[in-house]
1. Alpha carbon centre of the stretch A:56-70 versus the stretch B:152-210: separation in Å?
2. Given chain B, what percent of its DSSP beta bridges are antiparallel, to the nearest 5?
3. Dipole of the protein assembly as shown, Cα-centred, from +1 at each Lys and Arg C-beta and -1 at each Asp and Glu C-beta, to the nearest 20 debye?
4. Using a Förster distance of 56 Å, how high is the FRET efficiency between A:GLU117 and B:ASN87, based on the Cβ-Cβ distance and rounded to 0.05?
5. How big is the charge dipole of chain A about its Cα centre, in debye rounded to the nearest 20, if each Lys and Arg gets +1 on its Cβ and each Asp and Glu gets -1 on its Cβ?
6. Once the Cα atoms of helix B:76-86 and of chain B are each reduced to a long axis, what angle between those two axes, in degrees from 0 to 90 to the nearest 10, is obtained?
7. Over chain A, with a Gaussian network built from C-alpha contacts below 10 Å, which listed residue (A:LYS29, A:LYS56, A:LYS191) shows the highest mean-square fluctuation?
8. Output ³J(HN,Hα) for the stretch B:506-511: one whole-Hz value per residue in order, computed from phi by the Karplus curve 6.51 cos²θ - 1.76 cosθ + 1.60 with θ = phi - 60°, and x for Gly and Pro.
Amino acid sequence: MTPISSKPVVNKASYWKRLWQQIWKRRTKYLMIIPALVFFLVFAYLPMVGVLQAVKEPSFTKGFIRSPWANPWYKYFKQFFNNYQLGTLVTNTLRISILRLITGFPAPIILAILLNELRSTKFKRVVQSVSYVPHFISWAVVVSMLNQLLSPNGGPVNSLMSLLNPEWEPYWFMGEEEAFLPVLLISGIWKGLGWSTIVYLAAIAGINTELYEAAYIDGAGRIRMAFSITLPCISGTIGLLFITGVGGLVAAGYDPIYLMQSPANKGVSEVIDTYIMNVGIKSGRFSLATAAGVVQGALAMMLVVITNFIFKRTTEISMW
Amino acid sequence: MKKRWIAFLLALIVLSGLALPVMAQEKPEDVTLRMLICWTGLSFLKPDDQVNNAIGQVIKEKTGVTLDIDWINTTEVETLNLEFSKNSDMPDIIMAAYGPGAVVTSDIINKAANEGLLLPLDNLIDQYGPNLKNVGKVDVSEGMQAMLNDPEVGNGATFCLPIHTAKTPDEIINWGYTVYCRGDILKSLNVDPASITTSDDLYELAKKIKNGNFVDTMGNPVIPASCWVNGWSYECFCNSFRYRTISGWMLDENGNVTSPWFTDLVEKEALFMRKMINEGLYDVESFTQDDATSKAKYATGRVALTGAHWYHIDANTRDLELAHPEMRYEPLGPILDAKGDPQTGANIRLTGVEYTGCMMLTKDCKNPEAAIKYLNFLNSDEGKRLAYLGIEGEDWEWHNGEPRMTEAFIEEMEKDPRYGINRGIDSIYTFGCAQIENAMYERARNWKKEDDKTLETVQEMYPLYIYEGIPLSYYQEQYPGYEDFRFALESIGFNLDQAYFAASDAAAIKMIERYRKALISIGYEDYMNFLNEIYKTVPGVIL
């Protein structure tokens with residue numbers, strides 16, 4: 001007698017065949033995924049091999065594979081953690097990142113909802129297009145523009161302030177410690193606002209219009225519909241972007257901070273990213289820079305996992 | 001007759017047959033060499049046409065070499081690290097700072113030499129560079145000679161050729177670093193330049209300038225005090241608080257080696273600069289301004305007081321001076337240092353240079369023979385005169401056994417201050433010349449400038465102080481565990497200029513005290529004791 005198994009019999013060959021049939025059936029969609037996969041493979045996963053540099057002695061010619069192991073292997077991690085500035089670096093990084101998240105995260109949601117409320121499609125498109133433009137201007141150009149606009153020596157902003165208030169003393173917006181964070185945050189919002197709305201506008205476009213019609217019949221106004229339909233319907237997207245945004249808390253962003261750094265604001269502007277650049281890359285301490293990057297990456301991953309866990313337990317939103 | 005013609009033709013053919021190989025040998029092979037000038041702030045020496053300028057054409061005729069020069073936009077350290085890390089497609093020639101006075105770039109260069117990224121030059125010099133044999137032998141300090149001949153670097157081979165060195169100590173350039181003031185403002189305020197001898201005098205003068213409501217050529221209010229790219233060289237304003245020594249170390253009241261960080265000089269400097277900044281006397285923007293922004297300020301005479309050397313000020317204010325001769329900048333001082341001497345960081349020198357630009361051929365150099373022949377030509381008397389003075393007969397001529405610029409050249413320079421550089425004179429081709437007769441070239445250029453005594457004046461204010469011996473800083477790498485110590489030192493990440501912008505005087509002093517504590521916590525006192533021991537026991541060591 002043949003024993004009867006409690007498990008269903010899975011025919012592996014037919015499973016792969018079915019999978020392949022499904023892929024073939026949706027081949028155009030899979031084709032569209034390929035560039036993204038290649039992008040992440042080339043720019044996100046392959047470079048991960050480079051973390052080996054953190055436990056190797058740097059060499060110009062041998063690369064991180066053939067260069068000798070650091071002795072002890074954690075030498076450069078120890079250097080990073082023993083760093084005299086570590087406390088300041090972490091504090092500054094978290095301060096800037098949290099403020100960026102608080103100010104920068106809701107702004108595109110608000111703009112996306114406002115754009116969605118516009119009745120004139122043409123005007124909406126013009127506003128959208130104009131708001132995307134700053135995204136394509138490099139930080140080097142943006143900071144250069146800010147330097148000119150906010151210069152204490154005849155910059156338009158200081159000149160305007162002098163016209164409005166004859167007592168006004170020229171103010172060095174780009175250098176003073178107390179002005180650093182506002183300038184950084186405002187310029188960050190200006191640069192990223194329009195571009196970040198794309199995801200939310202796409203999410204809003206996917207909302208069933210019957211919901212709005214029903215709400216309209218029930219007497220709901222535009223504001224009520226925004227709060228009771230639009231926001232709840234895109235909450236999944238908001239949640240997912242928030243989780244990934246939390247991952248960025250340990251990376252305050254290198255370009256604008258580095259470009260805006262001056263002796264006057266270094267106390268608040270020296271973050272882990274600028275440290276990696278100044279002490280690591282610029283001074284040729286590639287292993288130390290890599291070790292700092294690895295620590296930063298590991299912390300970011302931990303934050304994402306924890307935030308995702310909390311979201312999963314408290315809401316239905318989760319990345320996995 | 002016919003036979004004669006045939007014989008003549010045959011003879012012509014034979015002679016031309018003999019002459020052709022000789023001519024072919026004389027005509028050097030055309031080669032373009034890519035050179036990286038790894039030194040920030042030198043791009044003002046770039047001719048408008050880096051290839052087809054007059055001097056470039058002569059050099060090409062003589063050596064076959066055309067230069068394709070890259071200028072750096074970022075720091076020297078970063079550029080060198082990135083170039084060597086590429087490990088391929090490096091420039092043919094790199095010029096970068098090397099010597100005990102340029103520790104960080106020297107470390108990178110040594111590492112590159114040890115990893116085979118730089119070509120050993122000894123055999124090449126033996127074969128193609130007779131004029132290069134003495135380069136780096138007599139014109140550099142003992143410490144630099146030791147570094148160039150270090151058997152542990154590049155297997156003891158020569159891989160660096162120091163350039164821009166002086167032929168004799170008498171030929172060392174006195175750059176004329178000090179604070180300069182716009183001439184018309186000085187005159188208007190009736191201030192004698194020689195009466196400004198301390199940093200506090202500068203403060204008082206800056207206040208007068210601010211209250212004087214002076215304007216630039218465009219009618220904008222003047223900035224009382226400023227500097228050039230990235231704050232260079234604001235330290236001219238702080239000379240009263242700088243204790244000038246070759247090594248940067250000084251002696252305390254007990255005769256022990258100490259750092260200026262452990263004296264009250266740093267507090268005095270920080271409070272002085274705070275005062276200048278807070279009272280709107282010093283251009284805060286200048287600490288981070290780029291080259292173009294800084295030069296734009298001087299183009300209209302917007303800055304009243306500025307710190308730099310005369311060569312830089314002269315080169316960048318010539319157009320202003322042509323249009324407004326009364327605005328010509330005048331040197332103030334001498335502004336005495338903390339010891340009470342007319343010394344700046346630039347007029348105290350060793351008999352040989354402590355560091356300088358060095359030429360290196362990389363392993364990717366496509367034609368090392370041509371590169372050495374090029375450098376060899378530049379180091380001939382003819383080559384040096386060509387690079388520094390131009391073409392004989394056109395740009396300069398002999399006069400009583402000395403060269404001097406022609407009237408026509410001087411006239412062109414008066415019309416267009418960049419005429420010489422655009423011809424390639426005293427420009428990019430000086431990168432390669434060593435053991436320079438600077439004084440003779442200065443005489444050649446200035447023989448007609450009887451009324452231009454600015455350089456002479458500032459050089460008299462700050463005469464050269466030439467020292468002999470090995471600076472104490474040369475021994476710092478011998479401190480046990482120096483690499484780790486240096487990293488700890490760098491990782492503290494504090495520069496005095498941060499204290500200039502502190503919220504209050506008390507906050508500035510607190511920042512300095514915090515830094516001192518940090519220094520002590522990483523073992524700075526042990527390090528000073530080590531250097532003190534060296535200073536007291538090793539003969540010939542100087543501060």
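Each value in this text was obtained by applying a stated rule to the coordinates, not by laboratory testing. Nothing here was measured: the structure is a model prediction, and the numbers come from that model. Positions of Cβ are generated from backbone atoms using ideal geometry, with glycine treated the same way; all protein chains shown enter the neighbour counts.
1. So the separation of the two Cα centres works out to 43 Å.
2. 50
3. Numbers: 77 positive and 95 negative charges, 1081 e Å.
Magnitude of the dipole: close to 5200 debye.
4. Working from the Cβ atoms, E equals 0.50.
5. Computed about the Cα centre, the dipole is about 1900 debye.
6. Tilt of helix B:76-86: around 50 degrees.
7. Among A:LYS29, A:LYS56, A:LYS191, the largest GNM mean-square fluctuation belongs to A:LYS29.
8. Per-residue couplings from phi come out as 4, 5, 5, 5, 5, 4 Hz.
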